[in-house]
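*Asks:* Pasting in a structure now, in structure tokens, and then I'll have a few things to ask.
The values are calculated or read from the model by the stated rules, or taken from the named source; none is laboratory data. As the structure is a computational prediction, the values presented were derived from the model and not from experiment. The accessibility values were calculated without ligands, DNA or RNA, using every heavy atom of the protein model including side chains. Shrake-Rupley method; radii C 1.70, N 1.55, O 1.52, S 1.80 Å.
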Amino acid sequence: MAIRGKDVKTVFLIGLALISYVANGADHLGSRRHLLHDNVCIIDVTKLGVKAGPGHCTENTASLMNAWVQACESAVPAKIIIPAGTYEMGPVNFQGPCKSPITFELLGTVQAATDVKLYKDLTWFHFEEIDRLHLTGSGKGVFDGQGDCFWKLSTCRSNNQCKISLPSSIKFRRITNSVISGFTSLNSPAFHMHVISSNNFTAHSLNIIAPDESPNTDGMHISTSCNVKVLNSRIGTGDDCLSVGQGNSDITISGIDCGPGHGISVGSLGKYSDETDVKNVLVTDCTLTKTTNGARIKTWLASPTLKASNITFQNIIMNMVKNPIIIDQEYGAKRPEPSNVALTGVQFKNIRGTSISEFPVSLICSKKFPCCVDMTDVDLVYKGEKELIEKAECVSAKVNFLGKQNPPPCRC
């Protein structure tokens with residue numbers, strides 16, 4: 001979902017924010033609106049015109065961007081605070097680089113404007129080209145995307161080739177050495193979060209919520225990034241809890257409680273011609289409950305030539321999951337050419353729990369590049385309504401089975 005153009009209204013609001021900033025005095029030490037505490041410039045957005053309650057969306061948007069401009073220009077570390085209360089907010093673009101580290105603390109609830117025409121770049125909160133950002137809710141803050149006002153407009157409920165035309169709640173692009181933590185993302189119109197072209201980025205203690213029937217409400221999608229950690233969070237959505245897309249390296253996902261949703265996925269890979277390789281992905285110590293899929297890798301048919309290597313799912317508990325272990329290299333529209341994504345060094349280790357599927361293990365690999373998989377200590381017990389004997393299925397898979405195997409190993 002790369003941005004192809006800038007939102008004209010957003011640029012206009014940035015201009016208003018800059019004018020306000022100059023009018024109020026560029027030096028934070030000379031402004032009576034901010035406090036300097038422990039050498040940190042404290043910016044309370046309500047002192048700059050952000051107001052709780054209905055009817056202030058346009059003014060709140062301009063005032064919040066004014067606060068960002070002042071924080072970004074601060075010669076000392078800055079902290080933006082949105083106090084307790086409910087605040088209407090339109091799309092905002094927080095552009096760096098900034099002079100000093102910034103903490104953005106949300107203690108109240110921000111609610112997305114519901115006019116879809118406002119979201120020219122399909123993003124509500126956009127953080128871009130920032131080093132040393134800390135976005136925190138301190139266990140209280142809520143980004144309310146008001147998705148139930150948008151989902152009826154979606155064309156993606158049953159079409160995985162649709163073009164997503166609804167805004168994502170939060171996008172992080174070219175963010176480095178940063179942490180996000182302690183907030184709730186509620187009912188995003190589309191993806192809750194994107195992490196794009198970022199490095200040394202950690203997300204922890206998040207609560208990501210949307211109904212299981214909400215379309216394309218992925219919890220977090222990561223692409224073209226490295227050294228990203230997603231830790232100790234609760235995610236329940238209408239799509240993937242977490243998805244690791246193309247161009248990533250050194251991604252760690254740990255301590256995730258996922259469900260409802262479509263599970264934790266690597267992919268989909270190979271949909272577009274300019275995609276690059278994926279390597280070193282670790283998914284560990286997670287629990288999935290009543291999800292459509294569990295630990296999943298998915299690649300498109302007729303894809304560009306890619307490599308996805310050193311992918312490990314380990315210490316995973318499945319609770320009544322439909323497809324606990326799945327490699328699907330025939331994802332997308334049926335086409336005669338096989339997937340050109342080569343999967344190597346794939347490991348499923350210590351995967352246990354319950355399934356409602358006849359095939360709790362399904363390894364459907366590329367006919368051109370058979371996948372290389374280690375399966376160690378898998379114990380998945382069938383608990384579905386029908387009387388079935390659970391099985392594993394393998395197509396074009398080179399599998400090394402070790403330890404306990406339930407269902408019994410398939411013939412490859």
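*Asks:* Once you keep just the Cα pairs under 8 angstrom separated by 6 or more residues, what percentage relative contact order results for the stretch 253-412?
*Replies:* Normalised by residue count, the contact order of the stretch 253-412 is 19 percent.
*Asks:* Further, regarding this structure: Over the stretch 125-280, with every protein chain in place, what whole percent of the accessible area is carbon and sulfur at 1.4 Å, could you tell me?
*Replies:* 45
*Asks:* Which percent, nearest 5, of DSSP beta bridges in the chain are antiparallel?
*Replies:* In the chain, DSSP labels about 0 percent of beta bridges as antiparallel.
*Asks:* Also, quick follow-up: Pairs to check: LYS271/LYS334; LYS171/LYS307; LYS271/LYS367; LYS334/LYS386; LYS163/LYS368; LYS120/LYS271. Give those whose C-alpha atoms are more than 19 Å from each other in this structure. If you can, show how the numbers build up before the last one.
*Replies:* On the way: LYS271/LYS334 13 Å; LYS171/LYS307 26 Å; LYS271/LYS367 17 Å; LYS334/LYS386 30 Å; LYS163/LYS368 29 Å; LYS120/LYS271 24 Å.
Beyond 19 Å: LYS171/LYS307; LYS334/LYS386; LYS163/LYS368; LYS120/LYS271.
*Asks:* Which distance in Å, rounded to a whole number, links the C-alpha centroids of the stretch 45-90 and the stretch 362-409?
*Replies:* 52
*Asks:* Only Cα pairs within less than 10 Å get springs; with that Gaussian network setup on the chain, which residue of TYR272, TYR382, TYR87 has the largest fluctuation?
*Replies:* TYR272
*Asks:* If you don't mind, another one. To the nearest whole percent, what portion of all C-alpha pairs in the chain is separated by more than 34 angstrom?
*Replies:* In whole percent, the long-distance tail amounts to 32.
*Asks:* Then there is this: For the chain, modelled as a Gaussian network with Cα springs under 10 Å, which listed residue fluctuates most, GLU385, GLU337, GLU358?
*Replies:* In this elastic network of the chain, the residue with the biggest mean-square fluctuation among GLU385, GLU337, GLU358 is GLU385.
*Asks:* Rounded to two decimals, what ratio of Rg to Rh does the stretch 336-412 give with C-alpha atoms and a Kirkwood Rh?
*Replies:* Here the Rg-to-Rh quotient is 1.01.
*Asks:* Now for a separate question. At 0.890 mPa s and 25 °C, plugging the Kirkwood radius over alpha-carbon pairs of the stretch 260-347 into Stokes-Einstein gives what diffusion coefficient in µm²/s?
*Replies:* Approximately 183 µm²/s, per Stokes-Einstein.
*Asks:* Quick one: which residues, 5 or more positions from SER225 or on another chain, have an amide H under 5 Å from its amide H? H modelled 1.01 Å from N in the peptide plane, none for Pro or chain starts.
*Replies:* Here the answer is SER197, SER198, ASN248, SER249, since their amide H atoms fall under 5 Å of that of SER225.
*Asks:* At a probe size of 1.4 Å, how large is the accessible area of VAL399, to the nearest 10 Å²?
*Replies:* Approximately 30 Å² of VAL399 is accessible to the 1.4 Å probe.
*Asks:* Which translational diffusion coefficient, to the nearest whole µm²/s, is obtained for the stretch 227-278 from the Stokes-Einstein equation, given a Kirkwood hydrodynamic radius over C-alpha pairs, 10 °C and 1.306 mPa s?
*Replies:* Rounded, D is 134 µm²/s.
*Asks:* Could you work out which residue, out of ASP121, ASP240, ASP374, moves most in a Gaussian network model of the chain, that is, has the largest mean-square fluctuation with Cα springs under 10 Å?
*Replies:* ASP374
*Asks:* When the Cα atoms of the stretch 85-235 are enclosed in a convex hull and the volume is divided per residue, what value in Å³ results?
*Replies:* 106
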